[in-house]
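Step one of this worksheet: look at the structure below.
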Amino acid sequence: MEVALSSTRVPKPAAVGGGLSPEHGTLGPEDGALSPELLVRIYRLMYLSRRVDDREILLKRQQKIFFQISGAGHEALQVAAALALKPGYDWFFPYYRDRALCLALGVTPTEMMLQAVGAATDPASGGRQMPTHWSSKTLHIVSTSSSTTTQLLHAVGCAEAGRYFSRHPDTAEKVSGDYRAFREVEFHGDEVVLTSLGEGSTSQGEFWEALNTASNRKLPVVFLVEDNGYAISVPVEVNTPGGNISRLVANFPNFHFAEVDGTDAEACLRAFQEAAAHCRAGKGPAFVHGHCVRPYSHSLSDDDKLYRSTAEREADAMRDPLAKLQMRLLREGILTEEQINALEQQLDQEAEEAAERALEAPLPTVESITDHVYSADLDPTSSLFATEQVQAPGSAGGGKAGGEKGSSPRTMADLINACLHDEMRRDKRIVLYGEDVADASREAALEEVKGKGGVFKLTAGLQTEFGSERVFNSPLAEANIVGRAVGYAARGMKPVVEIQFFDYIWPAMHQIHNELALMRWRSNGVWASPAVIRVPIGGYLTGGSIYHSQSGESIFTHIPGLRVVFPSNALDANGLLRTAIRCDDPVLFLEHKRLYRETYGRAPYPGPEFAIPFGKAKIVRPGSHVTLVTYGAIVPRALQAAQKAKQQGVEVEILDLRTLNPYDWEAIAASVKKTSRVIVAHEDMISWGYGAEIAARIADELFEHLDAPVRRVGSMDTFVAYQPLLEDAILPQPETILKAILELKAY
Ligand SMILES: Cc1ncc(C[n+]2csc(CCOP(=O)(O)OP(=O)(O)O)c2C)c(N)n1
Ligand SMILES: [Mg+2]
């Protein structure tokens, strides 16, 4: 059911389960009572959703599928949300319980069953995700994970991107030569973004981070809290002080709030129509809190009889939205019992046929496992990015703060700043945000002050040149920064964000590991998050101490789907950042703080087209006796050690990897074959570090070429202490490296 999308086309909703084709968002119950046709339509969708759940439960008991989680009890709320909005026009970031929502948007029962069996033809993930982890390009359902609440920040970034494209429609045009050739862009000025979650998940920090930005930026996001009173076995009052989330969020500015009986389809529909109208009018976000029930326990792996009283479960059963709507149809004479029976039989049959079709579907091949870890369209190691020639000195370009004209050597900080200026000029889809990255959030001040532009001044002058819409400060919340970037990137924009210090990347780790890096693989190539995260990293600061000196790059190279770059000098930083921005994969761009303004590694501004492909190491010093594989701040320290080694007759070949994922295995192998002795050196702790992987692979694949064991040099297995005496001892020094070189040569 995927179709090619264009920027102007508004796809018609696909046929909805139950053979319905509603014109979503155009219902008019606010004028009076809901029409009988609409009530029947809602009942059909709710009933079909319940039956697909029931059929899946049977399949699970027969061991024909491997997981089941139902939307039972949530159907009224979900169908109402879908009918108030427009699939393929508005945007959706649902959670795992949203079967009725997705059914009403246009995901078919067969597609749901294909996911349950893990079929190759499962359009949401090709057999990679559990059932009910939704995704549909046509319907604008962006792939969601099992992680509770991460999707909310994606919804926020998505809404920001939609607004940006609406204000700057020219930026949506397809451009060849970079990621834009592969990112479809669609937008509408009055689009709404819906995201949903359970009441237990409102305890997550990211819930509050999402409300923060949606409120502050008056974004058209509808937050739907499906409150079934439990988070697995944990009742609502344990998660939510006072037991009611509506009361806690009531003071967020710009919001429209609604608290409804989530088992009453009509009340829900009215609530969502008001919420959508508030958002479409540009007044801000909306918060719909629906109280519903959970008749089927949390999932098939859970039994609520273990922790809920009989009386409580019976009271819940009395509020079953499906039974309630059926009673209403009968009571109001909209359908007779026979008509209801006939309708239900037809829908039972539909669920049954969907299951049968799915059970016959082809399964994914083992060969397909590695598809879509990275972009297959745009390879950042390719010759497209091999423009490593430097522009003639004196040519224009670069930024105010750094890369101005001329051939004078510039620092790494200057040339990163210059690259950001160049790329933002070239590509208007780039937005840049983070903590303190703007020149001044209060723009008027810029008439009299110079501006901040980052705690290290790397983003200086960008807001002044490109305006506050493209360069702005984020809240002090790292998950917010990365989560929004996932949403921006899903819409085809290029967020280039900053995490202020590597030491504080950890709140964003969930978003990086489970969302940013996974988006392409888990959606089987349908969605992607090609954002750039710039992060100052590392120690040698004399007093940087524990929380301003951390390394830890191997934690990120251990994440499939994420490119990790770590330049050691100004020119490499400039060329690699350009590749990072232009490519179609998410990139973690690590900038060593100590190298920002070092004399070592300065270079003239290389021009606005200077790019370096990923995965190409540089021999920074040729030698024949010992190979030293390294990167980052160890490069200049290794050079010092190599000079001293030379005085003792030992010629060291130093390889600067420049990018850690991908890394240049061919260059390592060629050098090791030449020298037969190798050291892998890095600043990070030695145990479980980046060098362990490289050393293991050398031992495995180059064993016969070695004349000595593979050596590693790294910091001690502690954090970095404040007192310089301790810092010097903890981090590897030129002497540490020299000692390893001489020992290895003597082996
Ligand atoms: C970040 C995260 N932590 C824990 C889990 C495990 N988990 C899955 S569902 C769930 C409870 C969610 O409850 P609630 O938000 O109320 O949604 P409900 O399932 O009740 O609809 C938990 C703890 C998870 N998926 N993600
Ligand atoms: Mg719950």
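If the limit is 24 Å between Cα atoms, which of LYS644/LYS674; LYS428/LYS452; LYS283/LYS450 go over it? If you can, show how the numbers build up before the last one.
Numbers: LYS644/LYS674 21 Å; LYS428/LYS452 22 Å; LYS283/LYS450 34 Å.
Among LYS644/LYS674; LYS428/LYS452; LYS283/LYS450, the Cα-Cα distance tops 24 Å for LYS283/LYS450.
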- Note on the structure: Note on region 553-711: alpha-carbon gyration tensor, axes a ≥ b ≥ c; rule is a/c under 1.5 for rounded, else prolate if a/b larger than b/c, else oblate; result oblate
- Query: region 641-713 to region 497-563: how many Å between their Cα centroids?
  - Reply: 25 Å
- Query: Arranged by the count of other C-beta atoms within 10 angstrom, fewest first, what order do SER125, SER176 take?
  - Reply: SER176, SER125
- Query: If each of LEU363 and GLU332 carries a label point 7 Å out from its Cα toward its Cβ, how far apart are those two points in nm?
  - Reply: 4.8 nm
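Placing unit charges on C-beta atoms (Lys and Arg positive, Asp and Glu negative, everything else neutral), compute the dipole magnitude of region 46-145 about its Cα centre in debye, rounded to 20.
200 debye
Given the Cα-Cα distance of ASP377 and GLU701 and 0.36 nm per residue of separation, how much length would full extension add, in nm?
Numbers: separation 324, 0.36 × 324 = 116.64 nm, distance 2.99 nm.
Gain on extension, ASP377 to GLU701, equals 113.7 nm.
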- Message: Using only Cα atoms and rounding to the nearest 10 degrees, what angle (0 to 90) does helix 478-490 make with the longest principal axis of the chain?
- Response: 70 degrees
- Message: Charges on Cβ only, +1 for Lys and Arg, -1 for Asp and Glu, centred on the Cα centroid of the chain; of LEU590, ALA508, GLN647, which one is farthest towards the dipole's positive end?
- Response: GLN647
- Message: With +1 on the Cβ of every Lys and Arg and -1 on the Cβ of every Asp and Glu, and nothing else charged, how large is the dipole of the chain about its Cα centre, in debye rounded to the nearest 20?
- Response: 2060 debye
- Task: Would you kindly derive the ³J(HN,Hα) couplings of region 283-295 from the backbone phi angles with the Karplus curve 6.51 cos²θ - 1.76 cosθ + 1.60 (θ = phi - 60°), listing them in order in whole Hz, with x for Gly and Pro?
- Result: 7, x, x, 9, 10, 10, 10, x, 8, 10, 10, 9, x
- Task: Nearest 5 is fine: what % of DSSP beta bridges in region 606-668 come out antiparallel, could you say?
- Result: 40 percent
- Positive-end residue of PRO285, LEU269, ALA354, charge dipole of region 210-362 with Cβ unit charges: PRO285
- Task: Run through the DSSP bridge list for the chain and note the antiparallel percent, rounded to the nearest 5.
- Result: 15 percent
- Item | Net charge dipole size for region 477-636 [Lys, Arg +1 and Asp, Glu -1 on Cβ; Debye, nearest 20] | 280 debye
- Task: Would you work out which of PRO235, TRP527, PHE472 lies farthest towards the positive end of the dipole of the chain, given +1 charges on the beta-carbon of Lys and Arg and -1 on that of Asp and Glu, about the Cα centre?
- Result: PHE472
- Task: Tabulate in residue order the Karplus-calculated ³J(HN,Hα) for region 135-151, using 6.51 cos²θ - 1.76 cosθ + 1.60 with θ = phi - 60°, rounded to whole Hz; enter x for Gly and Pro.
- Result: 6, 7, 5, 4, 8, 6, 9, 7, 3, 10, 9, 7, 5, 6, 5, 4, 5
- Item | For q = 0.10, 0.24 Å⁻¹, Debye-computed log10 I/I(0) when each Cα of region 486-590 counts as one equal scatterer | -0.28, -1.38
- Query: In terms of the Cα gyration tensor, with a ≥ b ≥ c the square roots of its eigenvalues, is region 430-559 rounded because a/c is under 1.5, prolate because a/b exceeds b/c, or oblate?
  - Reply: oblate
- Query: Over the chain, with a single point scatterer placed on each C-alpha, what log10 of the ratio I(q)/I(0) does the Debye formula yield at q = 0.08, 0.10, 0.12 1/Å?
  - Reply: -0.69, -0.99, -1.27
- Query: In whole Å, how far is the Cα centre of region 302-370 from that of region 439-477?
  - Reply: 53 Å
- Ranked from fewest to most other Cβ atoms within 10 Å of their own Cβ, TRP521, TRP688, TRP527, TRP91 fall in the order TRP688, TRP527, TRP521, TRP91
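Quick one: grab the alpha carbon gyration tensor of region 536-577, order the square roots of its eigenvalues as a ≥ b ≥ c, and give me rounded if a/c is under 1.5, else prolate or oblate depending on whether a/b is larger than b/c. Each step should come with its number before you reach the end.
Details: a/c = 3.82, a/b = 1.24, b/c = 3.07.
Judged from the Cα gyration tensor, region 536-577 comes out oblate (a/c at least 1.5, b/c at or above a/b).
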- Contact order relative to length of region 633-732, as percent, for alpha carbon pairs under 8 angstrom and 6 or more apart: 24 percent
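Tell me, ARG331, ARG167, ARG658 in order of fewest to most beta-carbon neighbours within 10 Å? Walk me through the intermediate numbers first.
Values: ARG331 8, ARG167 11, ARG658 27.
Ascending number of Cβ neighbours within 10 Å: ARG331, ARG167, ARG658.
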- Please give every one of the aspartates and glutamates within straight-line cross-link reach of LYS593, meaning a C-alpha to C-alpha distance under 18 Å, and leave out same-chain neighbours fewer than 8 residues apart. ASP414, GLU435, ASP436, GLU498, ASP503, GLU553, ASP572, ASP656, GLU683, ASP684, GLU727, ASP728
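Readers should treat all values here as calculations from the given coordinates under stated rules, not as data from a laboratory. The structure displayed is predicted, hence computed values, not measured ones. A quick note on method: Cβ atoms are made from the backbone with ideal geometry, for glycine too, and the neighbour counts reach across all protein chains shown.
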